[in-house]
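Report on the following structure.
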């Protein structure tokens, strides 16, 4: 445009070197303008799935800001969500209403939905479309367990949600009565009905159908009418940044629990057999778990129960309890996993919990591990290393020589075959630490000993 105006007012005959340079500059500006128009024929596609949370709000804010900065023709938000945080919903709605680029919200793919908080987001788009087989609505605020919020608090939350969705529907010229019913009575509609009722603008099966429908439509962008020219526009998908995607992954309750469990197992393995590798990996997994847990409604009591269960597992590896400590650890672990999260305070946010099959699987795995540890411990209690051998064992029996480790008064411990055993004297007489003794007989897991008639020095 600049090039056309400039060339129209220039006389070819009056062009000097300076005028030629000016003409070249004008032509260069014209080229820049053509580039901007080409960039403006690009439509950014933002795939948006999962729970509505702070990560989704940041992703959409960044995507819309980039489209504004790079002069995109429009932004298409491909939405599929069961709902989520009210605060994140408000942030997303604010981003869409204040966007300086046309925003198209497309509920897709087939079988997807824009439920609860997703209804607010869909209505906030300049153009709202739905794929066949999708649904929208059920935007009533509920408790974390899915029940109605009663009393004054329920009235406040419900009336606030009605006011918000009414304002959005009015701003985008959509069916206000249906929007109110979606909050007040949890009304939900399939795609075809939503189009007939004026909830959304139309249906589209593919991104090409979306662009074809929106082409030529005039929408209100930041208070000014804008006619969409999307003929021949190219689509550029903008995915979530790896860091933001990692944060959203870690904030999944089941993922956070699995990281915590795997990290704890790594630390236990480090205590059992120090090698630094399992300890470092375990600590890293636990740190990642707590990053995810920090974004969830964490129940401190559940975390303490899991930690207690892990401690009991560790003690089972070092203390002879015949499985009692380990059994207590399993109970604490299962209870902690079940109570790891509290009911969300946000009335639009779904109930956060660890998947039941994951709790059952991890608890059963821990139980199997415990059984193996106890079986190996009981089996090894009756075995002692043969003198002068490495890696071979013989039954603890009469005649073996040992050294008193803990004074026998008359009960203490002896050191034999590289292990410490409970022991007591045969006649009840005390024996000091370091005395050489001989095993007379074995009573269960306790060695009955007497002073060695031919003692040898030892510690």
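The values are calculated or read from the model by the stated rules, or taken from the named source; none is laboratory data. Quick caveat: nothing in here was measured; it's all calculated off a predicted structure. So basically every Cβ, Gly included, is an ideal-geometry build from the backbone, and we count neighbours across all protein chains shown.
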Restricting attention to region 155-186, the residues that are outside any helix (DSSP H, G or I) and out of contact with any helix residue (DSSP H, G or I) (no Cβ under 7 Å at 6 or more places or on another chain) number exactly 3
Of the residues in region 176-191, those that are within 22 Å of residue 76 (Cβ to Cβ) and without any contact (Cβ under 8 Å) to a residue 60 or more places away in the chain come to 189, 190
Practice task
With the condition kept exactly as written, say whether any residue in region 293-307 is assigned to a helix (DSSP H, G or I), at pLDDT 85 or above, touching a strand residue (DSSP E or B) at 6+ places or on another chain (Cβ under 8 Å) and crowded, with 16+ Cβ neighbours inside 10 Å.
Solution key: yes
Those residues of region 234-250 which are surrounded by 16 or more Cβ atoms within 10 Å (Cβ to Cβ) and either closer than 20 Å to residue 62 by Cα or touching a strand residue (DSSP E or B) at 6+ places or on another chain (Cβ under 8 Å) (or both) amount to 238, 240, 244, 247, 248
Taking region 294-317 and keeping only residues that are over 17 Å from residue 362 (Cα atoms) and in contact (Cβ under 8 Å) with a residue 40 or more places away in the chain, one is left with 295, 296, 297, 298, 299, 316, 317
Requested in this report: Would you check if residue 442 is within 41 Å of the chain's Cα centre (by Cα), at pLDDT 85 or above and not in a loop (DSSP other than H, G, I, E, B)?
Outcome: no
Checked against (1) surrounded by fewer than 24 Cβ atoms within 10 Å (Cβ to Cβ); (2) closer than 15 Å to residue 47 by Cα; (3) in contact with a strand residue (DSSP E or B) (Cβ under 6 Å, 6 or more places away or on another chain), residue 110 satisfies every condition except (3)
When region 126-140 is checked residue by residue, the ones that are at positive phi and surrounded by 24 or more Cβ atoms within 10 Å (Cβ to Cβ) are 137
In the set 413, 422, the lone residue that is over 49 Å from the mean Cα position of the chain (by Cα) and modelled with pLDDT of 70 or more is 413
* To do: Test residue 210 against the criterion of being under 21 Å from residue 93 (Cβ atoms), surrounded by 13 or more Cβ atoms within 10 Å (Cβ to Cβ) and in contact with a helix residue (DSSP H, G or I) (Cβ under 6 Å, 6 or more places away or on another chain), and give yes or no.
  => no
Residue pairs within 7 Å by beta carbon, gap of at least six or interchain, first lying in region 347-371 and in the same structural domain as residue 299 (by TED's automatic domain parsing) and within 30 Å of residue 160 (Cβ to Cβ), second in a helix (DSSP H, G or I) and modelled with pLDDT of 85 or more, listed first then second, are 348/89; 348/117; 352/253; 353/253
So is residue 367 modelled with pLDDT of 70 or more, surrounded by fewer than 18 Cβ atoms within 10 Å (Cβ to Cβ) and within 30 Å of residue 265 (Cβ to Cβ) or not? yes
Scanning region 53-97 for residues that are closer than 18 Å to residue 128 by Cα and assigned to a strand (DSSP E or B) gives 74, 75, 76, 77, 78, 79, 80, 81
When region 124-141 is checked residue by residue, the ones that are farther than 11 Å from residue 183 by Cβ and outside any loop (DSSP other than H, G, I, E, B) are 127, 128, 129, 130, 135, 136
